[in-house]
1. Looking at (1) touching a helix residue (DSSP H, G or I) at 6+ places or on another chain (Cβ under 9 Å); (2) within 17 Å of residue 156 (Cβ to Cβ), which one does residue 119 not meet, given that it meets all the others?
2. Give me a count of the residues in the stretch 130-150 that are outside any strand (DSSP E or B) and under 17 Å from the mean Cα position of the chain (by Cα).
3. Kindly provide the set of residues from the stretch 22-39 that are out of contact with any helix residue (DSSP H, G or I) (no Cβ under 9 Å at 6 or more places or on another chain) and exposed (fewer than 12 other Cβ atoms within 10 Å of the Cβ), ordered by number.
4. Would you point out the residue of the stretch 113-129, among those that are touching a strand residue (DSSP E or B) at 6+ places or on another chain (Cβ under 6 Å) and assigned to a loop (DSSP other than H, G, I, E, B), that is nearest to residue 19 (Cα to Cα)?
5. Which of the residues that make up the stretch 136-164 are surrounded by fewer than 16 Cβ atoms within 10 Å (Cβ to Cβ), at pLDDT below 95 and either closer than 22 Å to residue 102 by Cα or out of contact with any strand residue (DSSP E or B) (no Cβ under 6 Å at 6 or more places or on another chain) (or both)?
6. Tell me which residues, restricted to the stretch 44-56, are touching a helix residue (DSSP H, G or I) at 6+ places or on another chain (Cβ under 9 Å) and either at pLDDT below 95 or under 22 Å from residue 105 (Cβ atoms) (or both).
7. What do you reckon, is residue 38 under 17 Å from the mean Cα position of the chain (by Cα), in a helix (DSSP H, G or I) and within 30 Å of residue 144 (Cβ to Cβ)?
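The values are calculated or read from the model by the stated rules, or taken from the named source; none is laboratory data. Source: prediction; values computed, not measured. Positions of Cβ are generated from backbone atoms using ideal geometry, with glycine treated the same way; all protein chains shown enter the neighbour counts.
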């Protein structure tokens, strides 16, 4: 599931989406701590870098060469899961999460993934809107899936578009 770099135009500069590297781990972990009440550790991301069934992406500001967001995609046979996606607090609401998700889904489509899943906090209206805009629909609920605070997760699914 590994592939190179994609530049995406938007905002005031180009945004580069590329595979995560070991050098990105500190920045990714910092974004993660700021974004989630139960964050993944740098060690967890480092471990995922060693697995062939994972695709870890980062969004990079090409001028500052700084990590602005990340996305973790897990692949199992012809299905995938968006296991994690986050954007730096100072860059939220600028389309970075959307670009990361679009890049991940494009790779899923190109790799023949037939269904992509994810969980989202029931109260996370912004994320739910993002996922709905990318053809995800609710297929289940995981009671008390999230901690700090305890909250249900909605299980969402996106089927590969016809002709993809």
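1. (1)
2. As a first pass, look at the stretch 130-150 and keep what is outside any strand (DSSP E or B): 130-136, 147-150.
Still in the list and also under 17 Å from the mean Cα position of the chain (by Cα): 130-136.
Counting residues in the stretch 130-150 that are outside any strand (DSSP E or B) and under 17 Å from the mean Cα position of the chain (by Cα) gives 7.
3. Residues satisfying the conditions are 23, 37, 38.
4. So, considering only residues that are touching a strand residue (DSSP E or B) at 6+ places or on another chain (Cβ under 6 Å) and assigned to a loop (DSSP other than H, G, I, E, B), the one nearest to residue 19 (Cα to Cα) is 113.
5. 144, 147, 148, 149, 161, 162, 163, 164
6. Passing the criteria: 45, 49, 54, 55, 56.
7. Working: under 17 Å from the mean Cα position of the chain (by Cα): yes; in a helix (DSSP H, G or I): no; within 30 Å of residue 144 (Cβ to Cβ): yes.
It is false that residue 38 is under 17 Å from the mean Cα position of the chain (by Cα), in a helix (DSSP H, G or I) and within 30 Å of residue 144 (Cβ to Cβ).
Residue by residue, here is whether (1) touching a strand residue (DSSP E or B) at 6+ places or on another chain (Cβ under 9 Å); (2) surrounded by 24 or more Cβ atoms within 10 Å (Cβ to Cβ); (3) in a strand (DSSP E or B); (4) at pLDDT below 95 holds:
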{"position": "58", "(1), (2), (3), (4)": "yes, no, yes, no"}
{"position": "72", "(1), (2), (3), (4)": "yes, no, yes, no"}
{"position": "81", "(1), (2), (3), (4)": "yes, no, yes, no"}
{"position": "90", "(1), (2), (3), (4)": "yes, no, no, yes"}
{"position": "94", "(1), (2), (3), (4)": "yes, no, no, yes"}
{"position": "105", "(1), (2), (3), (4)": "yes, no, no, no"}
